[in-house]
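S.K.: Take this structure first; my questions come after.
The values are calculated or read from the model by the stated rules, or taken from the named source; none is laboratory data. A quick note: this is a predicted structure, and the numbers were derived from the prediction, not measured. In this analysis, Cβ positions are derived from the backbone assuming ideal geometry, glycine residues included, and neighbour counts consider all displayed protein chains. Heavy atoms of the whole protein, side chains included, go into the accessibility calculation; ligands, DNA and RNA do not. Shrake-Rupley method; radii C 1.70, N 1.55, O 1.52, S 1.80 Å.
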Amino acid sequence: MAGKLLLAGYIGCGNIGDDAICLGFVQGLGNSGYEITVMSGRPEETNRLYGFAVVDRRDFKAIGDAIERCDALVFPGGSIFQDSTSVRSVSYYAKLVTMAKKAKKKILLLGQGVGPLTTFLGKRMAASAFNDADVISVRDPESLQALKAIGVRASARMTADMAFLLPPVQMSDDVQGFTVGNMKTVGISARPLDRKTDIAELFGDFCRLLYQSGSMPVLMEMDKEEDGPLIAEIAKRQGGKIPDLRKMTTPMQLQQRLLRMDSIVAMRLHAGILATTVGIPPLMVSYDPKVTAFSKMMDLGTPLTVQGLTAQRLMDTFTAFQKDRERNGRIVERKMEEMRKLAELNIELVRSTVRS
């Protein structure tokens, strides 16, 4: 009988990066015979797009029933154990672990990005969840350190983000490019931050500098709820003339459009990861340790920090980065293969823990 896996995370919540993690994990499993059910924020949409059996992530009665039916509760990745905005995220996922533990099911926390964890309650709940897990793997060295810092006794493996397991994409004839004349396109993934940092001003001015240098900026929406209003504000401040990519429904759609771009500048981690999957070296702008860790792991250097950053400094750094484009391209090609192999270790952990 097929092993039954119940997947938990921020899946089906309008964030392309979290959906990429789920899809990469399923792609990595291949035709290994597992029966998969996904907890989703938009269950009908997730089922329609990907064909997965689904459970509404807000319906704890249905989740409880799904846990009873499964052999293992699997968290395929993401920065879900963090309390940078509130402890609600940690509390939600810790509750799922408690439910699975009580039902005597296997618990696999894979490819995790741990933290930031700054509150006593957040640290305590996260430590309890990880200590209850049967298998733990993390996607970067900083997450290993974070686990030790909060008192996790269980051992953890270093792997990589599941999105690296997404299959290669081919350029589709129906994908429209953004080239205007001889202008090269620059994909930009910005995200809202705190009130102290005016992201709309920073990236609006950066877009203006790109125009002046002969490049075409394209604003990319990675999170439907957070990025859409920011993109609108950036365009408004620049006269409403900036092309954008919005309402992408799948990571593969975004990958198709990235293929048409010359370069990527990204605050969001998975904008950077998806860029590497199509061979584009991303210039990362860090707002969080996970972004810094990714840039370093890809041998693309320590990224700029968004706090206190000016558009001119970002433009100067981008110009220098582009001068090393060929070298960076070779680095990304080499590191992509390394990341895929590390991500495949997550799949091996599943196969050694749960029979298919």
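S.K.: Select, from Leu121, Leu147, the only residue that is buried (at least 22 other Cβ atoms within 10 Å of the Cβ), in contact (Cβ under 8 Å) with a residue 12 or more places away in the chain and farther than 22 Å from Asn15 by Cβ.
M.R.: One residue alone meets the criteria, Leu147.
S.K.: Another question about this same structure. Since Arg257 meets every condition but one in (1) under 13 Å from the mean Cα position of the chain (by Cα); (2) open to solvent by 10 Å² or more (accessible area, probe 1.4 Å); (3) not polar (S, T, N, Q), which condition does it not meet?
M.R.: (1)
S.K.: When region 326-340 is examined, which residues are found to be touching a helix residue (DSSP H, G or I) at 6+ places or on another chain (Cβ under 7 Å) and basic (Lys, Arg)?
M.R.: Arg340
S.K.: Please go through (1) buried (at least 17 other Cβ atoms within 10 Å of the Cβ); (2) polar (S, T, N, Q); (3) farther than 17 Å from Ala311 by Cβ; (4) out of contact with any strand residue (DSSP E or B) (no Cβ under 8 Å at 6 or more places or on another chain) for Gln238 and return the number of the only condition it doesn't satisfy.
M.R.: Of (1) buried (at least 17 other Cβ atoms within 10 Å of the Cβ); (2) polar (S, T, N, Q); (3) farther than 17 Å from Ala311 by Cβ; (4) out of contact with any strand residue (DSSP E or B) (no Cβ under 8 Å at 6 or more places or on another chain), only one is false for Gln238: (3).
S.K.: Do you know which residues across region 210-229 are open to solvent by less than 20 Å² (accessible area, probe 1.4 Å) and either over 19 Å from Val278 (Cβ atoms) or not in a strand (DSSP E or B) (or both)?
M.R.: Leu210, Glu221, Met222, Asp223, Asp227, Gly228
S.K.: So, in region 125-144, of the ones that are closer than 30 Å to Gln255 by Cα and among the acidic types (Asp, Glu), which residue ends up surrounded by the fewest Cβ atoms within 10 Å (Cβ to Cβ)?
M.R.: Glu142
S.K.: Which condition breaks for Ser295 when tested against (1) touching a Gly at 6+ places or on another chain (Cβ under 8 Å); (2) farther than 30 Å from Asp205 by Cβ; (3) among the polar types (S, T, N, Q)?
M.R.: Single failed check for Ser295: (2).
S.K.: So, one more: Would you check which residues across region 96-118 are under 25 Å from Arg355 (Cβ atoms) and either under 17 Å from the mean Cα position of the chain (by Cα) or open to solvent by 10 Å² or more (accessible area, probe 1.4 Å) (or both) and list them?
M.R.: Thr98, Met99, Lys101, Lys102, Ala103, Lys104, Lys105, Lys106, Leu109, Leu110, Gly111, Gln112
S.K.: Inspect region 292-313 for any residue being among the acidic types (Asp, Glu), at negative phi, open to solvent by 10 Å² or more (accessible area, probe 1.4 Å) and modelled with pLDDT of 95 or more and give the result as yes or no.
M.R.: Checked against the condition, which is being among the acidic types (Asp, Glu), at negative phi, open to solvent by 10 Å² or more (accessible area, probe 1.4 Å) and modelled with pLDDT of 95 or more, region 292-313 yields no hits at all.
S.K.: If you don't mind, there's one more thing I want to ask. Has region 335-351 got any residue that is basic (Lys, Arg), closer than 26 Å to Ala156 by Cα and open to solvent by 70 Å² or more (accessible area, probe 1.4 Å)?
M.R.: Yes, because at least one residue in region 335-351 is basic (Lys, Arg), closer than 26 Å to Ala156 by Cα and open to solvent by 70 Å² or more (accessible area, probe 1.4 Å).
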